[in-house]
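K.L.:
Here it is: the structure, laid out below.
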Amino acid sequence: MSAVAERAENPLVEGLERLPVHPTTLVIFGATGDLAKRKLLPALYNLAHEGALPERFNLVGVSRSDHAHEEFRTMAQDAIKEFSRREPDAAVLDKLLDEVRYVPGTFDDSSIYDTLGTTLDEFDNAAGVRMNRCFYLSTAPMFFPVIVGQLGEHNLCRHEGADVRVVIEKPFGTTLAEAEALNREVLSVLDEHQVFRIDHYLGKETVQNILAFRFANGLFEPVWNRNYIDQIQITAAEDIGIGSRAGYYDSAGALRDLIQNHMLQLLCHVAMEPPVNFTADEVRNEKVKVLQAIHAPTEEQIDDIAVRAQYAEGESGGEHVGGYLQEPDVPSDSNTETYAGLRLEVDNWRWAGVPFYLRTGKRLARKVTEVAVTLKPVPHLAFKQEGSLGVRPNQLILTMQPNEGVSLSLGAKIPGTRMRIRPVYMEFLYGTSFLSQSPEAYERLIMDAMRGDATLFTRNDEVEAQWRICDPIVQKWEKTPGPLPQYPSGSQGPAEAQKLMLPGQEWRTI
């Protein structure tokens, strides 16, 4: 059965929704860059393999490197063969890249947009239909306003009889002022419904499953509030260092790199109210309400609710590794944090008084991304027999990586003649429950952008609300001289992080 026939007969193929997608031309700016090679091109191949791409689909690469169409086609084939999650099928690969085009030039060069416009028109004429146009900005952030401005000047931001959409990668600004300025520039050319600000975490199946667990199961809603929940910890830990990313990372740091975007999005998924329906605006309205309920910290509060540190030398992965300041191209006096921790409060009726702890760091004990929801302990501890591990608060652990799944801790009796209690776990794992590989985040997000579904993308007011929370901390840290606290590589993080915890609470072991 052909991919098209399979799509017609089966509305769900490997978990990706199959709604009709208008014929589309996808233009990737920065098509020879690392993101395109590792994520975007393999994602397009996997969508093609599953029959998810529109029947009429064209790909155009734009980048500064000077290549012919055939050279770019070979480069794309090599990237897909190396990074695709499945072994490429030659027939599918050839069909995907058969009509690929490449436009070389710098992004501020007006002539490349003339060439691009001619190429897009040729595709329309060959198809006999006005095709949707999707521009993916996989470039350095400094080029976002440049490219959008050029699209506007060359009338490529509108296409009569079809839709034009622009996907913008992160980071969307490095401060609140930058984010607001970028929003103004982008929205002076495009309408908000044309703009898809991507956060690849939102494309992960496990992140979307937070909403499924919350709103598809009556079990959790009665206790999902300040009366029953004691604390929530959101962790994004990595066991590796910065590698060759010093140029980017030393100007960003852990707060900008993960907390301002990915981790605040996880917080929103955990804390949001049920939307009226799962349309883009309704879901994003509820997330913005959560962000608005988090008060931006004053300069006096920051030392109490935020901690930063750098990894020092230590043992990681069974070998001795150097510290951040010894990494290639990192200044010896750098004050960039490789660990950031925050304590936030969502000041609304549901969550008032419940601390939300966020932490992320490099060179920690292991790689894990999880949300841990800890319920309040039972009011009377009657089980105190010798040998008992004790009654511990129930915890719901939602793990995004590496072992995707959900676990719930319960107190249970140890077999024997005495009443001894220890925690046991009820677990759901994606791999064993569905016996299939989850699609990559970029597969879902590229498909949604072509479809025009912005549910998993960030709206302009959402971006600014995220920066409003983090910007005071960024500004305070940039004005505060170092050196920063150190933590050994391979450890749980800095000892200073414990000061964020309220009395009686501790960080979960990574």
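K.L.:
Going through the DSSP H helices of the chain, which span 24 Å or more along their own axis at the Cα atoms while scoring at least -0.5 as a mean Kyte-Doolittle hydropathy?
P.N.:
Span-like helices here: 110-127.
K.L.:
Right, something else. Around Asp230, which amide H atoms from residues at least 5 apart in sequence, or from another chain, sit under 5 Å from its own amide H, with H modelled in the peptide plane?
P.N.:
Under 5 Å from the amide H of Asp230 lie the amide H atoms of Thr374, Leu375, Lys376, each far enough along the sequence or on another chain.
K.L.:
Lysines near Lys479 by alpha-carbon distance under 22 Å, same-chain residues fewer than 8 away left out - which ones?
P.N.:
Lys499
K.L.:
A further question on this structure: So how much accessible area does Tyr339 have, in Å² to the nearest 10, using a 1.4 Å probe?
P.N.:
Accessible surface of Tyr339 is approximately 0 Å².
K.L.:
How would you order 81-92, 261-272 from highest to lowest mean count of nearby Cβ atoms within 10 Å?
P.N.:
261-272, 81-92
K.L.:
How large is ³J(HN,Hα), in whole Hz, for each residue of the stretch 406-418 in order, when computed from phi with the Karplus curve 6.51 cos²θ - 1.76 cosθ + 1.60 and θ = phi - 60°, using x for Gly and Pro?
P.N.:
Values per residue, Gly and Pro as x: 9, 9, 10, 8, 10, x, 9, 7, 6, x, x, 8, 10 Hz.
K.L.:
OK, next. Where both residues lie in the chain, what percent of DSSP beta bridges are antiparallel, nearest 5?
P.N.:
Antiparallel bridges: around 55 percent, rounded to the nearest 5.
K.L.:
Still on this structure, please answer the following. Tell me the relative contact order for the chain as a rounded percent, counting alpha carbon contacts under 8 Å between residues six or more apart.
P.N.:
Computed over the chain, the figure is 17 percent.
K.L.:
Given Ser138, Gly149, Leu408, which one lies farthest toward the positive end of the charge dipole of the chain, if we put +1 on the Cβ of every Lys and Arg and -1 on the Cβ of every Asp and Glu?
P.N.:
After comparing all options, I get Leu408.
K.L.:
Hey, another quick one. For Thr509, Thr279, Thr175, give the ranking by accessible area with the largest first, probe 1.4 Å.
P.N.:
My answer, sorted largest first, is Thr509, Thr279, Thr175.
K.L.:
So, one more: Whenever you get a sec, compute what percent of the accessible area on the stretch 73-205 sits on carbon and sulfur atoms (1.4 Å probe).
P.N.:
Exposed carbon and sulfur together represent 48 percent of the surface.
K.L.:
Now for a different question. Leaving ligands, DNA and RNA out of it, work out the accessible area of Ile510 with a 1.4 Å probe and give it in Å² to the nearest 10.
P.N.:
Number for this one is 20 Å².
K.L.:
Next question, about the same structure. With every protein chain present, what accessible area does Thr24 have (1.4 Å probe, heavy atoms only), rounded to the nearest 10 Å²?
P.N.:
Approximately 0 Å² of Thr24 is accessible to the 1.4 Å probe.
K.L.:
Rounded if a/c is under 1.5, else prolate if a/b is larger than b/c, else oblate: which is the stretch 236-305, with a ≥ b ≥ c the root eigenvalues of its Cα gyration tensor?
P.N.:
Oblate is the answer for the stretch 236-305, as a/c is 1.5 or above yet b/c matches or exceeds a/b.
The values are calculated or read from the model by the stated rules, or taken from the named source; none is laboratory data. As the structure is a prediction and not an experimental result, all values here were calculated from the model. All Cβ positions, glycine included, derive from the backbone under ideal geometry; neighbour counts span all protein chains shown. These area figures cover heavy atoms from the full protein model, side chains too; ligands, DNA and RNA do not enter into them. Shrake-Rupley method; radii C 1.70, N 1.55, O 1.52, S 1.80 Å.
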